Structures are given as C-alpha cells and as structure tokens.
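The values are calculated or read from the model by the stated rules, or taken from the named source; none is laboratory data. None of the values given here were measured: they were computed from a predicted structure. So basically every Cβ, Gly included, is an ideal-geometry build from the backbone, and we count neighbours across all protein chains shown.
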Amino acid sequence: MNIKTLALILLAFCVPPAWSQTSPAPAPAPTADSAALTTRLALRDLWVEHIFWIRNYALANQAADRQQAKVATDQVVDNATKIANSIAPLYGQPAADQLLKLLAGHWGAVKHYSDATVAKDSKGKQAAVAELTSNAKAIAAFLARANPNLPEATLVNLLSAHGGHHVAQIDEFAAHDYVGEARTWSMMRTHILALADALTAALVKQFPDKF
C-alpha cells in the first residue's frame, strides 16, 4: 500500500467531525414537521445512497459482475444528480450543475481506484488517490465559497476522510477481508451522516428564513 493511500485511510479513522473544530452557537432543535428536519433527513438519505451504490459497484467490479456493476454505476450517477439538484432552490441551477461536475469527479476517482485495484495496477491506484485528494479540495473550496458557515479546511478533512473510506473498502474487497470491510462500512456510514448533518446545519444558518 502506498504512503498516500495509507495517509487517506488513517485520516478516515482519525479526523474529528466538523463541529469539533468550530464552536458555532447551538441551533434550535428541529421540530417534527420543520423544514430543517425534512432537509436533514433528505440529505442523510441521499448521502447514504451515495456510499451504498459505490459499495455495490466496488463489490460487483471485484466479482467481475458486469451487469451488477452497470446498475450500480447508473444509480451512482442518478444519486449524484439528485444531490447536486438539492442545492438548486437555494443557490440556483448553475451552482447545482457545477456541484454535479465535482461529484462526477469524485465518482470517477473512486471508480478509477476500483478498476486499477481489479487490474492490479499500482500506478493507476496511486493516480486515483491523487485524483481523490485533488477533488476533495475542489469540492471543499466550492462549498466554502457558497456557504461561509462551512470552513474550507474542515471540509477538506471531512472529504479526504470520506475518500479514505472508499479506498479502504475497495482494498478490503480485493483482499476478501469482509470482516474489515464491515467495520469500514460502519465507520463510513457514521461519517457520511455527520457530513450530511454538517451541511444541513450550515444551510439552516445561512438561510434562516427558508427553515
């Protein structure tokens, strides 16, 4: 395993959540029928679907199941479109389109790593990790520009950790380490829910009149 890959995996296991690095004033607890709660649950569903379908692709790819991999690919793209379009009502369709391009870059890098792993292409894996790292920085910069309540450095850490989970999961499938992958999935899901909640909190703070 190369040093960059190991660093991403270690970051995935060690990075603190966004709210531990900043000290915003606590937001009021959302009520059962509030727009904030509805948004929070919707974003949680979308981001969990993101990791679910990419996991499906990685598993199918490792098993050389092209039919399952094709279905998973289509679902990843559909999910990314939904995540991007979820910001259109607040930031406009051009911003949603830009986010979709960035999410496509994230998916492309993860797919590249999975494909390179199956092909036992170590240079391809290293290139894919570099793509993931660069893309995490680009997404963080985009979100921080859009919302001042999202510190760019915190986002870089969160998104790099997310990429590290993808890398660890793919490596564990390749090694047939299903116990290890189960642990990674649990951490991955917890982490992506924290990311979704951080995004919701930032939206509520930026657009209080909408929530």
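Quick look at the values:
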item: Any pair with Cβ under 9 angstrom, 6 or more apart, that starts in the stretch 88-109 at a residue that is basic (Lys, Arg) and ends at one that is part of a helix (DSSP H, G or I); result: 101/84
item: Pairs with Cβ under 7 Å, 6+ apart, first in the stretch 56-69 and more than 13 Å from residue 166 (Cβ to Cβ), second at pLDDT 95 or above and among the aromatic types (Phe, Trp, Tyr); result: 62/173; 69/57
item: Top-ranked residue of the stretch 97-115 - restricted to ones that are out of contact with any helix residue (DSSP H, G or I) (no Cβ under 6 Å at 6 or more places or on another chain) and under 20 Å from residue 55 (Cα atoms), ranked as surrounded by the fewest Cβ atoms within 10 Å (Cβ to Cβ); result: 108
item: Residue satisfying all of: in the stretch 116-126; in a helix (DSSP H, G or I) and over 19 Å from the mean Cα position of the chain (by Cα); surrounded by the most Cβ atoms within 10 Å (Cβ to Cβ) among these; result: 117
item: Residue within the stretch 156-175 that is among the acidic types (Asp, Glu), over 17 Å from residue 99 (Cα atoms) and assigned to a loop (DSSP other than H, G, I, E, B) present; result: no
item: Single residue of the stretch 74-95 satisfying the filter (in a helix (DSSP H, G or I) and of a type in the set (S, T, N, Q)) that is farthest from residue 211 (Cα to Cα); result: 75
item: Condition check for residue 61: assigned to a helix (DSSP H, G or I) and closer than 18 Å to residue 181 by Cα; result: yes
item: Flag if residue 90 is buried (at least 17 other Cβ atoms within 10 Å of the Cβ) and either at pLDDT 95 or above or touching a Phe, Trp or Tyr at 6+ places or on another chain (Cβ under 9 Å) (or both); result: no
item: Any hit, the stretch 197-208, residues being under 18 Å from residue 104 (Cβ atoms) and in a helix (DSSP H, G or I); result: no
item: Of residues in the stretch 174-193 being buried (at least 21 other Cβ atoms within 10 Å of the Cβ) and not hydroxyl-bearing (Ser, Thr, Tyr), the one farthest from the chain's Cα centre (by Cα); result: 181
